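Below: the structure, in structure tokens.
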Amino acid sequence: MNKRTKIAAIISSEKANYETTVKGWVRTFRNNQFIALNDGSTNNNLQCVVDFQNTEEALLKRITTGAALSLTGEIIPSQGKGQKYEMKVSSIEILGDSDAEKYPLQPKKHSLEFLREIAHLRFRTNTFGAVNRVRNTLAYAIHEYFQQKGFVYLHTPVITASDAEGAGQMFSVSVLDKINPPKNEDGSINFKEDFFGRATNLTVSGQLEAELGAMALSEVYTFGPTFRAENSNTTRHLAEFWMIEPEVAFNDLHDNMDLAEGLLKFCIQQALTKNADDLEFLNQRLSEEENQKPTAERSELGLLQRLNFCVENDFVRLTYTEAIDILKDSNHNKKKKFQYLIEGWGVDLQSEHERYLVEKHFKKPVILTDYPKDIKAFYMRQNEDGKTVRAMDILFPGIGEIVGGSQREERLELLEKRMDEMHIPKEEMYWYLDTRRFGTCPHAGFGLGFERLVLFVTGMGNIRDVIPFPRFPKSAEF
Ligand code: 4AD
Ligand code: MG
């Protein structure tokens with residue numbers, strides 16, 4: 001019988017002087033007497049004090065870092081500093097031994113790079129315990145936000161035959177013989193023989209299918225894995241990441257911005273409320289890391305200050321054109337400090353430009369709108385000027401782009417024209433165009449990169465450390 005009290009419950013309660021059982025993994029065992037036990041319910045360990053004089057030597061030897069234990073005893077106010085309660089252990093059961101010599105996680109500080117190599121065990125560190133609990137809160141908050149508003153959670157396919165998004169390279173899905181695939185007369189691979197009778201890929205985005213849902217259910221959102229086979233070895237890109245994509249009928253770009261800003265603030269607030277201990281720990285962790293940097297490179301705000309700042313302040317909203325003017329006239333540009341200098345209108349912004357706007361110029365989250373149509377997807381609503389589209393990107397400090405979205409082109413003729421210009425096969429996309437043929441209406445949506453949100457809220461520096469088992473070029477371990 002799994003009768004146990006979670007350590008989080010013991011620590012947060014006002015109760016003392018009662019007997020109970022705790023189960024967890026040994027973090028440290030000091031002086032043959034003090035076990036620091038962690039069960040993942042909180043970042044805090046429970047100090048469990050063993051009566052070593054009356055415990056068999058052979059049993060004591062098995063209390064090693066990493067071992068799984070069941071401990072029964074009395075919870076009493078702690079004698080020592082650093083904790084409110086401790087357990088006076090009366091019975092010890094070893095559930096699983098852990099050879100201290102071979103256990104890869106020694107009770108000392110390990111580098112994040114090393115921990116990535118032992119990702120199967122890194123949940124057992126303070127940092128990854130905290131990150132994964134915060135990740136959980138954020139995932140739940142996403143559902144809460146949309147459910148409270150009456151949105152329908154829509155499951156879009158993971159395997160698709162369309163690359164309408166043009167968002168990046170796709171991973172192909174095929175069961176054909178890799179060495180000797182069936183060929184067409186012209187030598188190309190004959191996908192008619194493949195599982196689905198056509199070429200298929202892992203999805204880069206659920207948006208197009210979400211639009212179909214919104215054209216009947218009004219307000220939908222997706223929350224699922226998406227895949228991009230770009231060879232981006234950065235601290236902001238994964239090959240497999242989770243995306244949230246709401247799509248709302250009758251919304252324009254302003255409604256879309258309000259929905260996204262509200263979502264981000266709600267999620268951050270939920271983490272502040274529900275993960276106070278974890279965020280306190282991550283705040284401390286980040287400030288230690290910042291202190292290693294030269295003063296000029298340190299960020300002005302600590303993690304908690306940053307999160308509160310985001311919740312309490314309106315995001316700045318401006319157009320791409322206004323942003324280009326700011327960037328072009330900036331001292332940074334004039335002194336050639338950007339790797340890619342801003343010379344004129346029309347160029348895509350690099351992450352250095354996005355971060356300059358957010359971190360140096362406005363010192364606030366920024367929503368940029370109305371980008372040049374040539375650097376955005378075909379489905380974005382065209383503006384009167386003939387040059388720009390109703391796009392929006394939300395830029396966050398330390399992250400750059402966290403949200404990308406737009407009001408959609410609901411006018412059939414204009415949409416078809418744009419598809420032709422961009423060489424997007426209209427026949428294959430008949431189902432998408434049908435929404436514009438039958439009862440079309442203004443609508444808008446966006447995509448929030450879930451790991452970028454977790455990155456921001458935890459203050460971690462690398463997106464590979466905010467998803468349990470990251471997939472990136474040359475790495476699909478575990
Ligand atoms: O800007 P993106 O490519 O937009 C879309 O896919 C649209 N279909 C969304 C929509 O309007 N429904 O991606 C959306 C967000 C980005 O802002 C970023 O946060 C995240 O997804 N993202 C990535 N996150 C991690 N690794 C990658 N390789 C990512 N690519 C995009
Ligand atoms: Mg984008």
* Asked: According to a simple spin-label model (label point 7 Å from Cα along Cα-to-Cβ), what is the distance in nm between Lys474 and His110?
  -> 2.2 nm
* **Mean residue ellipticity (222 nm) of the chain, computed from DSSP H runs ≥ 4 via -39,500 (n - 2.57), nearest 500** => -9000 deg cm²/dmol
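Charges only on Cβ, +1 for Lys and Arg, -1 for Asp and Glu: so what's the dipole of segment 122-281 about the Cα centre, in debye to the nearest 20? Don't jump to the answer; show the numbers that get you there.
Values: 13 positive and 22 negative charges, 150 e Å.
About 720 debye.
Could the peptides 211-217, 325-331 be put in order, highest first, of the mean number of other beta-carbon atoms found within 10 Å of their residues? Don't skip to the end; give the middle numbers.
Working: 211-217: 19.4, 325-331: 14.6.
The packing order, highest mean first, is 211-217, 325-331.
For the chain, which DSSP H helices look membrane-span-like by this rule: Cα extent along the axis of 24 Å or more and mean Kyte-Doolittle of at least -1.0?
Values: long enough: 126-148 (33 Å, -0.43); 253-274 (31 Å, 0.05).
In the chain, the long hydrophobic H runs are 126-148, 253-274.
Please give me, ordered by residue number, the GluC sites (Glu not before Pro) of segment 350-409 that lie in loop per DSSP and have at most 13 other Cβ atoms within 10 Å. Don't jump to the answer; show the numbers that get you there.
Details: sites: Glu352, Glu354, Glu359, Glu384, Glu401, Glu409; in loops: Glu384, Glu409.
Within segment 350-409, the qualifying GluC sites (Glu not before Pro) (loop, at most 13 other Cβ atoms within 10 Å) are Glu384.
Compute the length gained on full extension between Lys387 and Ile159: take 0.36 nm times their separation in residues and subtract their Cα-Cα distance, giving the result in nm to one decimal. The partial results should precede the final answer.
Working: separation 228, 0.36 × 228 = 82.08 nm, distance 3.39 nm.
Roughly 78.7 nm would be gained on extension.
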* Would you mind checking Lys84/Lys293; Lys335/Lys364; Lys6/Lys61; Lys328/Lys426; Lys108/Lys274; Lys265/Lys293 for any pair whose Cα atoms are more than 32 angstrom apart? => Lys84/Lys293; Lys328/Lys426
* **Cα gyration tensor shape of the chain, rounded if a/c is under 1.5, else prolate or oblate by comparing a/b with b/c** => prolate
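Count charges around Asn38 for me, please; just the other residues with Cβ under 10 Å from its Cβ, Lys/Arg as +1, Asp/Glu as -1.
On the way: positive: Arg27, Arg124; negative: Asp39.
Neighbour charge sum, excluding Asn38 itself: +1.
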* **segment 252-349: projected area of the alpha-carbon convex hull, averaged over directions, in nm²** => 8.6 nm²
* By how many nm would the segment from Val311 to His254 lengthen if fully extended, with 0.36 nm per residue of separation less the alpha-carbon distance? -> 18.6 nm
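Between Thr20 and Lys61, take the C-beta separation as r, use R0 = 41 Å, and let me know the FRET efficiency to the nearest 0.05. Display every interim value, and only then the final one.
Working: r = 26 Å, r/R0 = 0.62.
According to the calculation, E is roughly 0.95.
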* What is the distance, in nm, between label points placed 7 Å from the Cα along the Cα-to-Cβ direction at Glu288 and at Tyr340? -> 3.7 nm
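Sort the following peptides by mean Cβ neighbour count (other Cβ atoms within 10 Å, averaged over residues), highest first: 361-370, 284-293. Mind showing how you got there, number by number?
Details: 361-370: 20.1, 284-293: 13.1.
By packing density, highest mean first, the sequence is 361-370, 284-293.
Multiply the residue separation of Arg411 and Glu427 by 0.36 nm, subtract the distance between their alpha-carbon atoms, and state the gained length in nm to one decimal. Mind showing how you got there, number by number?
Numbers: separation 16, 0.36 × 16 = 5.76 nm, distance 1.72 nm.
The Arg411-Glu427 span can extend by a further 4.0 nm.
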* Asked: Excluding same-chain residues fewer than 8 positions from Lys376, which lysines have a Cα within less than 17 Å of its Cα?
  -> Lys387, Lys417
* Please provide three numbers in whole Å: the alpha-carbon extents of segment 231-306 along the principal axes, with the largest listed first. => 49, 37, 24
* Under 5 Å between amide H atoms, partner at least 5 residues away or on a different chain: which partners does Ser90 have, H built in plane at 1.01 Å? -> Thr72, Gly73, Glu74
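Give me the net charge of His237's neighbourhood, meaning all other residues with Cβ under 13 Å from the Cβ of His237; Lys, Arg count +1, Asp, Glu -1.
Values: positive: Arg228, Arg236, Arg452, Arg464, Arg471; negative: Glu230, Glu240, Glu401, Glu451.
For residues surrounding His237, the net value is +1.
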* Asked: For a label point 7 angstrom out from the Cα of Phe52 toward its Cβ, which stretches of segment 61-90 have the backbone nitrogen within less than 14 Å?
  -> 61-65
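Quick note: the coordinates plus some simple rules give every number you see, no bench work behind them. Quantities reported herein were computed from a predicted structural model and do not represent experimental measurements. Heads up, the Cβs are rebuilt from the backbone with ideal geometry, glycines too, and the neighbour counts pull from every protein chain shown.
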